[in-house]
Amino acid sequence: MDETKPAPVVFERDSPEFARVMAFTDGVFAIAVTLLVLDVTIPADLAADDLPAALWDLRWQIFSFFLSFTVIGLYWMLHHKLTSRMRGIDRRFMRWNLVQLAFIAFLPFPTSLVGEHSEAAIAVAVYAVNVAIVSALDTWLFRTASHRGLLDESWPPGATAFALAARFVPVPVFLVSVPIAWVSTSWARWTWILVVPASLIVDRFRPAGLDPDS
């Protein structure tokens, strides 16, 4: 009795299935960034003299909008970089892709929480956990594509491990900010900036010959 598992079906990048997944993915990212701006509103009947004060009251909503727009934009770019070097996708990749899209689509909610309740620890914590999960799933998508032979390039030695580490950097940074939020929400938000120096440190270990945009 042959118990050999059948090889997973791979939908090549020029197939309708690949195109549908990419179109759906881009649509979710686009809708998510559009929804972010819905909370940045000013009453239409507001007097001109009250406008400066109203804009100042919206400062956290505006900050949250640009922060989340940047986050979603960066993960869209990472997704694009990954799929642009894939020879195809299989159903396991599609399932994990849907999971990540769920948390991308959910991001406008914690964005609204932070914008309206900037000093509430739970609001900052929910936002940080959401971004950490998105980053972890981005790392897992790359691992899935690499492990299942879906990448179409020959990478230099150590390139896969480096790429996984680089994509994983935001996870501990955002998770560390969660307990900090109960001490100070301002400190917690400043903690998120550590993603930049941490990423630069990891980038120093980039394997020779690996494209800087990888």
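Here, each number is a calculation from the coordinates, and none is a lab measurement. None of the values given here were measured: they were computed from a predicted structure. We place every Cβ from the backbone using ideal geometry, glycine too, and count neighbours over all the protein chains shown.
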Problem set entry | Using θ = phi - 60° and Karplus 6.51 cos²θ - 1.76 cosθ + 1.60, couplings along segment 192-201 (whole Hz; Gly, Pro as x) | 4, 5, 4, 4, 5, x, 4, 5, 5, 5
For this session: Working from Cα positions, state the angle (0 to 90°, nearest 10) between the long axis of helix 121-147 and the longest principal axis of the chain.
Result: 20 degrees
For this session: Taking only Cα atoms and a 10 Å spring cutoff, compute GNM fluctuations for the chain and point out the largest among 153, 12, 119.
Result: 153
Seminar exercise, completed: Within the set 195, 131, 171, GNM on the chain using Cα springs under 10 Å gives the largest fluctuation to 195
Seminar exercise, completed: Contact order relative to length for segment 88-150, counting C-alpha pairs under 8 Å separated by 6 or more residues, stands in percent at 44 percent
Exercise. Which percent of Cα-Cα pairs in segment 12-203 sits in each 5 Å bin, short to long?
Worked result: 1, 7, 15, 18, 17, 14, 11, 7, 5, 3, 1, 1, 0
For this session: Quick one: compute the contact order of the chain, relative version, from alpha carbon pairs under 8 angstrom and 6+ residues apart, as a percent.
Result: 22 percent
Problem set entry | Net length gained if the chain between residue 85 and residue 98 were fully extended (0.36 nm per residue, minus Cα distance) | 2.8 nm
For this session: For each of 118, 184, 135, count neighbouring Cβ atoms within 10 Å of the residue's Cβ, then give the residues from fewest to most.
Result: 184, 118, 135
Problem set entry | Karplus 3J(HN,Hα) series, Hz, for segment 8-14 with 6.51 cos²θ - 1.76 cosθ + 1.60 (x for Gly, Pro) | x, 6, 10, 8, 4, 5, 9
Problem set entry | residue 149 long-range amide H proximity, modeled H, under 5 Å | none
Exercise. Where in segment 117-138 does the amide nitrogen come within less than 18 Å of the point 7 Å from the Cα of residue 24, taken along Cα to Cβ?
Worked result: 138
Seminar exercise, completed: Taking a ≥ b ≥ c as the square roots of the eigenvalues of the Cα gyration tensor, with a/c under 1.5 meaning rounded and otherwise prolate when a/b exceeds b/c and oblate if not, segment 128-209 is oblate
For this session: Quick one: angle between helix 59-84 and the longest Cα principal axis of the chain, in degrees between 0 and 90, rounded to 10, please.
Result: 10 degrees
Seminar exercise, completed: If amide H atoms are modeled at 1.01 Å from N in the peptide plane, then the residues at a separation of 5 or more from residue 86, or on another chain, having amide H under 5 Å from its own are 152
Seminar exercise, completed: In whole angstrom, the spacing between the Cα centers of segment 118-158 and segment 29-101 equals 17 Å
Exercise. Full extension from residue 119 to residue 187: what is 0.36 nm times the residue separation minus their Cα-Cα distance, to one decimal in nm?
Worked result: 23.4 nm
For this session: Using only alpha carbons, build the gyration tensor for segment 1-117 and give me the equivalent ellipsoid semi-axes, biggest first, whole Å.
Result: 42, 13, 11
Exercise. Counting other C-beta atoms within 10 Å, which of 68, 186 has the fewest, and how do the rest follow?
Worked result: 186, 68
Problem set entry | Cβ-based exposure ranking for 144, 111, 41, in which fewest neighbours within 10 Å come first | 41, 144, 111
Exercise. Roughly how tilted is helix 170-181, in degrees to the nearest 10 and between 0 and 90, from the longest Cα axis of the chain?
Worked result: 30 degrees
Exercise. If r is the Cβ-Cβ distance from residue 15 to residue 45 and R0 is 41 Å, what FRET efficiency results, to the nearest 0.05?
Worked result: 0.15
